[in-house]
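Everything on this sheet refers to the single structure shown next.
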Amino acid sequence: MAVPDFTVLDQTMHKAHFARLLDEIQLPQPAYKIVRTEEELLPHNEFPCWIKLDFCTAGQGVRLVKSQQDLEIIAEQLQREAWLGESREIIVQQHAEGFKRGAAGVFRKGELLAFHACQNRSIGVGGSSNAKLTVHDPEMKELMRAFGAHLNWHGAMCLVPQTAIVMTPRRDPSQLYIFAPISRATCVVEEYIGISQVDQYRSSEMAVRTCG
């Protein structure tokens, strides 16, 4: 079965590790800081921002903070639920206006074999997508290629970037931010410019599928 090494997965599934990894590779992301305690969290005064727990799914560990009052309420909740403490890391990430896109690819030992990008048309439960549209996104393709090559990724990959909206006919590539860590290995069935990722995956003799 084609799956990445466990050490690589640990870097990509833990939000704080993922943020540090993007800095290391010099891939774009919104400004952030990592906190562990209520004393480190409460002095934050740049709003809106996002509070992100180290491990979560379906948007359940992500909270939008619009004011100091919101921050104090969320800090109290996190303290009560034992999320705040020296053993856990929480991301405080600045908000970026834009539209949500997703990207998926298949890699063989760091080589990108197939790629697909899509954009949200509507938002469902927990901020997840309930309708998507395939888009052409060469900037995101190059970011994913660099990311997978750095990690020597083997198997399927999903990333969730967000592209800032700019008041120009062309999007500014410098405003492409990667927001979410890879949460699963998945068998992707979309096609990109006529190339089936599943067929590419099978023909590479890596495996029939990955799942997670």
What is the number of the single condition among (1) under 28 Å from V35 (Cβ atoms); (2) surrounded by fewer than 18 Cβ atoms within 10 Å (Cβ to Cβ); (3) in contact (Cβ under 8 Å) with a residue 12 or more places away in the chain; (4) not β-branched (V, I, T) that E81 does not meet? (3)
If you go through the range 1-46 one residue at a time, how many are under 16 Å from V92 (Cα atoms) and touching a Lys or Arg at 6+ places or on another chain (Cβ under 8 Å)? 3
Please name all residue pairs, on different chains or six or more residues apart, with Cβ atoms under 9 Å, provided the first residue is in the range 142-155 and is under 15 Å from D23 (Cα atoms) and the second residue is of a type in the set (D, E, K, R) and part of a helix (DSSP H, G or I). H150/E24
Quickly run through the range 84-102 and pick out the residues that are assigned to a loop (DSSP other than H, G, I, E, B) and either of a type in the set (V, I, T) or under 21 Å from the mean Cα position of the chain (by Cα) (or both). R88, E89, H95, A96, E97, G98
With R63, R88, R101 as the choices, which residue is assigned by TED's automatic domain parsing to the domain that holds L151, crowded, with 16+ Cβ neighbours inside 10 Å, in contact (Cβ under 8 Å) with a residue 12 or more places away in the chain and not hydroxyl-bearing (S, T, Y)? R101
Top-ranked residue in the range 6-35 [being in a loop (DSSP other than H, G, I, E, B) and under 11 Å from the mean Cα position of the chain (by Cα); ranked as nearest to D54 (Cα to Cα)]: H14
Out of (1) in contact (Cβ under 8 Å) with a residue 24 or more places away in the chain; (2) within 18 Å of the chain's Cα centre (by Cα), the one E72 does not meet is (2)
Residues in the range 36-46 that are assigned to a helix (DSSP H, G or I) and in contact (Cβ under 8 Å) with a residue 40 or more places away in the chain: how many? 2
Could you tell me whether any residue of the range 48-58 is within 27 Å of Q119 (Cβ to Cβ), surrounded by 13 or more Cβ atoms within 10 Å (Cβ to Cβ), among the hydrophobic types (A, V, I, L, M, F, W, C) and touching a residue at least 60 places away in the same chain (Cβ under 8 Å)? no
Which ones in the range 63-79 are touching a helix residue (DSSP H, G or I) at 6+ places or on another chain (Cβ under 7 Å) and over 14 Å from N45 (Cβ atoms)? R63, Q79
Inside the range 14-33, the number of residues satisfying the requirement of being surrounded by fewer than 17 Cβ atoms within 10 Å (Cβ to Cβ) and aliphatic (A, V, I, L, M) is 2
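The values are calculated or read from the model by the stated rules, or taken from the named source; none is laboratory data. Remember, it's a predicted structure, so these values are computed and weren't measured experimentally. Virtual Cβ from ideal backbone geometry, glycine too; neighbours counted across all protein chains shown.
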